[in-house]
1. Tally time: how many residues in region 268-304 are farther than 22 Å from residue 110 by Cβ and touching a strand residue (DSSP E or B) at 6+ places or on another chain (Cβ under 7 Å)?
2. For region 362-393, which residues satisfy the criterion of being at pLDDT below 90, over 25 Å from the mean Cα position of the chain (by Cα) and not in a strand (DSSP E or B)?
3. Can you run down the residue pairs with Cβ atoms below 8 Å, 6 or more apart or on separate chains, where the first is in region 473-484 and free of Cβ contacts under 8 Å to residues at least 24 places away in the same chain and on the phi > 0 side of the Ramachandran plot and the partner is assigned to a strand (DSSP E or B) and buried (at least 18 other Cβ atoms within 10 Å of the Cβ)?
4. Of everything in region 420-433 that's in contact with a helix residue (DSSP H, G or I) (Cβ under 8 Å, 6 or more places away or on another chain) and more than 15 Å from residue 410 (Cα to Cα), which residue is surrounded by the fewest Cβ atoms within 10 Å (Cβ to Cβ)?
5. Are any residues in region 188-217 buried (at least 19 other Cβ atoms within 10 Å of the Cβ) and either at positive phi or under 24 Å from the mean Cα position of the chain (by Cα) (or both), and if so, which ones?
6. All but one of (1) in contact with a strand residue (DSSP E or B) (Cβ under 8 Å, 6 or more places away or on another chain); (2) more than 29 Å from residue 282 (Cα to Cα); (3) surrounded by fewer than 19 Cβ atoms within 10 Å (Cβ to Cβ) hold for residue 185; state the number of the condition that does not hold.
7. Checking the structure you have, find out if any residue of region 482-494 is within 28 Å of residue 110 (Cβ to Cβ) and more than 21 Å from the chain's Cα centre (by Cα).
8. Quick check on my filter: what residues within region 250-263 are loosely packed, with under 14 Cβ neighbours inside 10 Å and closer than 15 Å to residue 208 by Cβ?
């Protein structure tokens with residue numbers, strides 16, 4: 001059956017090699033071989049790209065540090081370096097898609113990603129797709145999608161960097177990055193290793209945190225070959241190995257509580273460009289393995305997955321483009337808690353995407369996507385978006401973006417196959433999202449100013465939750481309807497103070513109201529804010545740069561967070577402000593940075609009862625080489 005799905009990779013191709021070369025339609029742009037989440041098909045949707053200063057400052061951290069500084073995303077962290085799950089625009093952790101080179105890497109057992117297992121050193125490019133446009137990522141993309149990419153460049157030259165970071169609480173990180181090309185072959189190598197004792201002082205008690213050390217290593221290797229200018233092939237392999245002791249809640253101790261995660265992600269892509277069309281086919285193997293131990297108890301699972309896809313793009317006319325896509329998944333999960341010790345499943349999906357220009361400065365995008373899974377009811381997933389340039393002058397530009405989508409989330413393997421508890425007849429969760437945004441950019445001489453405001457309205461139905469039945473047996477059920485709505489604003493300014501002295505300021509604020517509209521089992525939660533979803537969140541960053549030096553400060557303010565369904569103030573997490581400060585110097589060959597995190601030694605919690613570190617320091621040094 002795995003190989004039987006290969007027809008999905010081939011049926012688009014006949015048109016590709018039969019193009020009329022006399023057609024006046026322009027040649028499609030040449031692109032690097034990568035994952036093909038088509039950002040150019042997202043008219044009407046915002047795409048958030050983290051700023052270079054943020055990427056540099058948090059270069060040794062998990063990508064969660066980068067994401068929460070650049071967006072409205074909130075993370076639940078069960079301690080420093082522990083399980084880290086996402087809450088995006090009022091949705092839960094399984095309602096955000098995480099993709100690496102356009103392959104979904106969410107856990108197929110839990111339906112979510114542990115962001116503590118993704119170091120920024122393993123990734124070249126990070127993008128955030130909030131709201132409707134994330135439906136291109138497939139199941140579960142209600143709040144948004146996080147795109148992780150490692151593209152290849154065939155530009156001649158070679159670059160090598162070796163980095164070392166030391167910090168408080170026994171932190172030690174090392175990384176080697178190498179990339180380059182001779183014009184025919186291209187490569188990108190990212191090797192990383194790190195560990196920490198993680199024995200920080202618990203500010204509430206004054207005691208040292210115990211049973212919280214962690215270590216990891218991994219490699220992300222990509223190799224590409226240019227067969228000819230119109231044909232390229234790419235092989236990518238990402239292996240990650242992570243060990244950690246499980247940090248206990250404040251005031252409790254554990255004898256043995258640890259977890260080992262191993263992840264292997266691979267894919268092989270082929271890309272061919274034509275006069276007015278392109279074809280990309282790819283296949284990948286993915287393995288996720290987890291071994292959890294609590295004293296004598298052991299929990300283990302392993303998921304093997306084979307995924308293949310085909311994307312065919314066709315330039316219908318000079319202003320309109322079509323993309324057809326097909327995808328196949330074969331999943332083999334081994335879990336001692338499943339009936340029969342495991343589960344297998346096959347998933348198919350078909351999609352059609354259109355984009356173009358209706359009239360001058362008025363662009364549109366329309367998507368239709370249908371996934372097929374045996375014995376699971378899945379609705380069709382449409383998207384429609386428009387972008388309109390309201391006006392543009394030499395120094396000013398104002399854009400309007402509107403979009404809407406209807407998306408779904410498949411019940412996880414745990415939801416359906418857990419022994420004596422799973423329910424194979426669960427309905428898919430569904431979400432109807434509407435969004436509008438205004439973006440403005442202004443330039444005066446060397447001063448740049450930008451501003452945006454976005455409003456969204458997202459209604460989620462058939463929300464799945466595990467609840468006890470009449471025999472006090474916990475089971476998953478479709479029990480809730482939730483409305484998540486809010487406003488997000490950003491503002492930035494960049495200007496010279498004097499000669500080579502520059503100042504940059506970026507501000508973000510988000511208001512996220514996510515409330516239960518209907519609940520079958522608990523009427524007390526109707527009208528209440530969802531747990532671990534702050535109503536208010538704000539970020540700020542400021543940088544002063546002079547020649548090779550820069551001084552950066554990053555601040556994150558998080559409002560009150562409720563931890564109980566009845567929104568009890570007694571058990572809520574109180575608002576807090578975190579400030580990080582860094583001094584950086586870099587040349588063409590060296591980069592040196594000194595950082596102070598949680599500068600004011602604030603006590604804060606990201607999950608109830610789990611301590612986070614106070615003020616701590618880091619020193620980083622990187623040696624860079626460039627050669628032909």
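1. Residues of region 268-304 that are farther than 22 Å from residue 110 by Cβ, as a first pass: 268-283, 295-296.
Narrowing further to those that are touching a strand residue (DSSP E or B) at 6+ places or on another chain (Cβ under 7 Å): 268-272, 276-283.
Qualifying residue count for the region: 13.
2. If the condition is that a residue be at pLDDT below 90, over 25 Å from the mean Cα position of the chain (by Cα) and not in a strand (DSSP E or B), then 374, 375, 377 are the ones that fit.
3. Cβ pairs passing all conditions: none.
4. Step one: filter region 420-433 for residues in contact with a helix residue (DSSP H, G or I) (Cβ under 8 Å, 6 or more places away or on another chain), giving 420, 422-424, 426, 429, 431, 433.
Subset that is more than 15 Å from residue 410 (Cα to Cα): 420, 433.
On the way: 420: 8, 433: 28.
Among residues in region 420-433 that are in contact with a helix residue (DSSP H, G or I) (Cβ under 8 Å, 6 or more places away or on another chain) and more than 15 Å from residue 410 (Cα to Cα), the one surrounded by the fewest Cβ atoms within 10 Å (Cβ to Cβ) is 420.
5. 188, 190, 192, 194, 198, 211, 214, 216
6. (2)
7. Just the residues of region 482-494 that are within 28 Å of residue 110 (Cβ to Cβ), to begin with: 482-486, 488.
From the residues that got through so far, the ones that are more than 21 Å from the chain's Cα centre (by Cα) too are 482-483.
The answer is yes; a qualifying residue exists.
8. Here is the first cut: in region 250-263, the ones loosely packed, with under 14 Cβ neighbours inside 10 Å are 251-253, 255-256.
Of everything in region 250-263, those that are loosely packed, with under 14 Cβ neighbours inside 10 Å and closer than 15 Å to residue 208 by Cβ turn out to be 251, 252, 253.
The values are calculated or read from the model by the stated rules, or taken from the named source; none is laboratory data. Nothing here was measured: the structure is a model prediction, and the numbers come from that model. No Cβ is skipped: glycine too gets one built from the backbone with ideal geometry, and neighbour counts run over all protein chains shown.
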